[in-house]
Amino acid sequence: MPREYSRSTRVAEQLRRELAELLRHASKDPRLQQVTITDVEVTRDISYARVYFSQLDDSAEQLALTQQALDRSAGFLRRELGRVMRLRHVPELKFLHDRSIAEGMRMDELIARARERDRQGGGEGEGQ
């Protein structure tokens with residue numbers, strides 16, 4: 001009987017949970033305590049992991065500072081993951097900003113504007 005989830009999927013999910021905990025409790029850098037890990041993708045051989053993050057302040061300056069802090073703490077996080085997880089090899093971590101939340105908010109705003117324009121237009125084109 002085939003497994004429901006592949007090993008890389010299970011490792012990715014565990015990495016996501018453990019990284020979130022480490023950033024919240026073990027990191028001393030205050031810039032990293034406001035970071036949310038949204039997703040982790042692991043290669044099939046579990047040697048590399050793309051870690052997607054988001055934060056409340058999406059300004060370009062703040063994102064650059066957070067990216068730099070995450071990149072600097074990658075070694076520490078990897079070492080701590082090695083202690084917590086039972087893996088022979090902890091994957092190399094590559095942090096990437098997850099733009100899906102900001103993009104979703106932008107789309108919601110566009111939809112709200114379009115609805116408002118339709119309401120103000122008096123429903124032109126209806127019933128034809």
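Listed residues R88, R10, R78, R72; which is farther than 25 Å from G104 by Cβ and more than 19 Å from the chain's Cα centre (by Cα)?
R88
Output the residues belonging to the stretch 46-62 that are within 9 Å of the chain's Cα centre (by Cα) and aromatic (F, W, Y).
Correct list: Y52, F53.
Computed from the coordinates by the stated procedures, all read-outs in this text should not be read as laboratory data. This is a predicted model, so every value here is computed, not measured. Backbone-built Cβ (ideal geometry, glycine too); neighbour counts: all protein chains shown.
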